[in-house]
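> So that we are looking at the same thing, I have put the structure below in structure tokens.
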Amino acid sequence: MRRVHLTQFLIERQRDKKLINADLRLLIETIARACKAISTRVNKGALADGLGSAGSQNIQGEAQKKLDVLSNEILLEANEWGGNLAALVSEEMEDPRPIPTHYPRGEYLLLFDPLDGSSNIDVNISVGTIFSVLRCPKLADGSYCEPDEKAFLQPGTRQVAAGFAVYGPTTLFVITVGDGAHGFTLDRETFTFVETHPDIRIPEDTQEFAINTSNMRRWEPPVKRYIDECLAGKDGPRGKDFNMRWVASMVADVFRVLSRGGIFMYPRDSKNKEGRLRLMYEANPMALIVEQAGGAATDGRNRILELEPKRLHQRVAVILGSKNEVERVTSYHTSG
């Protein structure tokens, strides 16, 4: 069977389905190329002196790994000159970076987490890249507004594309442009992304959950109730056994949910009162992909994609995956 390459897939969305224009297609291809470069550096690990701390902190006060910094630079350098973007920003940066004036400016805004799960790098567990694409807002005269922080503060429903890469045993690239979620595997011989997971669908029911149980003592009652029911198994109110999985790398945990169903939870708790994950760089793009695959994504009370962001680095609770399980957890929050 002849495989569809990423470029062919995107051209079909542009030419036949009219879902994207040429600039958005080229932007996604540029991100994919940057992910290939990051994959190569991740794969080399200690051979390229890529492990360990960079000796610095990001805007959230978290210690940066060497590959955090390098991955951020790879994505910035790949995307600033193509003419597709007005500005871009990452989890590792305090403020958005407008496209330099000597390069043409485009109509899109790019947000990204350059290396999600980077605490796992040194122990050789899967990490990845997450990205989200928005349109730069227009002014009354039809021109584009200044791409400052305010321009980025749009709800997830306005995303025109989102995706993530997983750097694991194979490198995977999952995207949506509004017609479902589709996965591509990097062919190391041709160095091209080839479609291997067309039209991903998440089963509505599951017997698998992913959560960091070390935080159990801090959970809100609705989350504790749900997990207690899962742990009770066949003898409990659910009448079936559940398995727990937790990689501590969102890209790996979410891809598992996309592959075979499940629910991924990083809820708010007494320590992280807003939640732990970033709305703009992690929750919104993953929520769009999961919904496009037939799943659901909430913060426990509200649909994530409808949240109005107030800050560029805002944190949020995340509960996503198999639709019926997400709705159950959400009902536990809202019924009380």
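The values are calculated or read from the model by the stated rules, or taken from the named source; none is laboratory data. Values in this document were obtained by computation on a predicted structure and should not be read as measured data. Neighbour counts are summed over all protein chains in view; Cβ atoms, including those assigned to glycine, are modelled from backbone coordinates with ideal geometry. SASA here: full protein model, heavy atoms, side chains in, ligands and nucleic acids out. Shrake-Rupley method; radii C 1.70, N 1.55, O 1.52, S 1.80 Å.
> Go through the range 76-98 and count every residue that is open to solvent by 10 Å² or more (accessible area, probe 1.4 Å), in contact with a Pro (Cβ under 9 Å, 6 or more places away or on another chain), more than 15 Å from Asp148 (Cα to Cα) and without any contact (Cβ under 8 Å) to a residue 60 or more places away in the chain.
4
> Let me ask you something else. Say we look at the range 12-40 and pick out the residues that are among the β-branched types (Val, Ile, Thr) and assigned to a helix (DSSP H, G or I); which of these is surrounded by the fewest Cβ atoms within 10 Å (Cβ to Cβ)?
Thr40
> Report, by residue number, each residue of the range 141-183 that is surrounded by fewer than 20 Cβ atoms within 10 Å (Cβ to Cβ), touching a helix residue (DSSP H, G or I) at 6+ places or on another chain (Cβ under 8 Å) and more than 25 Å from Glu80 (Cβ to Cβ).
Hits for the range 141-183 are Pro155, Thr157, Gly168, Gly178, Asp179, Gly180.
> Could you go through the range 150-159 and let me know if any residue there is assigned to a helix (DSSP H, G or I), more than 27 Å from Ala22 (Cβ to Cβ) and aliphatic (A, V, I, L, M). Steps first, please.
Pass one, the range 150-159, residues assigned to a helix (DSSP H, G or I): 150-152, 156-158.
Those left that are additionally more than 27 Å from Ala22 (Cβ to Cβ): 150.
Those left that are additionally aliphatic (A, V, I, L, M): none.
No, that holds for no residue.
> Would you say Phe152 is touching a residue at least 24 places away in the same chain (Cβ under 8 Å), among the aromatic types (Phe, Trp, Tyr) and under 20 Å from Ile74 (Cβ atoms)?
Working: touching a residue at least 24 places away in the same chain (Cβ under 8 Å): yes; among the aromatic types (Phe, Trp, Tyr): yes; under 20 Å from Ile74 (Cβ atoms): no.
In short, no.
> Starting from the range 320-336, keep only residues that are over 13 Å from Val257 (Cβ atoms) and of a type in the set (Val, Ile, Thr), then list their pairs with residues that are assigned to a loop (DSSP other than H, G, I, E, B) and open to solvent by less than 50 Å² (accessible area, probe 1.4 Å) whose Cβ atoms are within a distance under 7 Å, requiring at least 6 positions of separation or different chains.
Val329/Gly300; Thr330/Gly300
> Continuing with the same structure: Would you kindly identify the strands (runs of 3 or more DSSP E) lying entirely within the range 188-301 that contain at least 1 residues that are modelled with pLDDT of 95 or more, open to solvent by 10 Å² or more (accessible area, probe 1.4 Å) and more than 21 Å from Gly168 (Cβ to Cβ)?
On the way: elements: 192-200, 208-210, 263-266, 296-298.
Counting at least 1 such residues, we get 192-200, 296-298.
> Filtering the range 323-336 down to residues that are out of contact with any strand residue (DSSP E or B) (no Cβ under 6 Å at 6 or more places or on another chain) and under 22 Å from Thr206 (Cβ atoms), which residue is surrounded by the most Cβ atoms within 10 Å (Cβ to Cβ)?
Taking the range 323-336 as the starting set, the residues that turn out to be out of contact with any strand residue (DSSP E or B) (no Cβ under 6 Å at 6 or more places or on another chain) are 324, 327-328, 331-336.
Narrowing the set further to residues that are under 22 Å from Thr206 (Cβ atoms) leaves 324, 327-328, 331-335.
Details: Asn324: 15, Glu327: 14, Arg328: 16, Ser331: 12, Tyr332: 18, His333: 21, Thr334: 12, Ser335: 7.
The qualifying residue surrounded by the most Cβ atoms within 10 Å (Cβ to Cβ) is His333.
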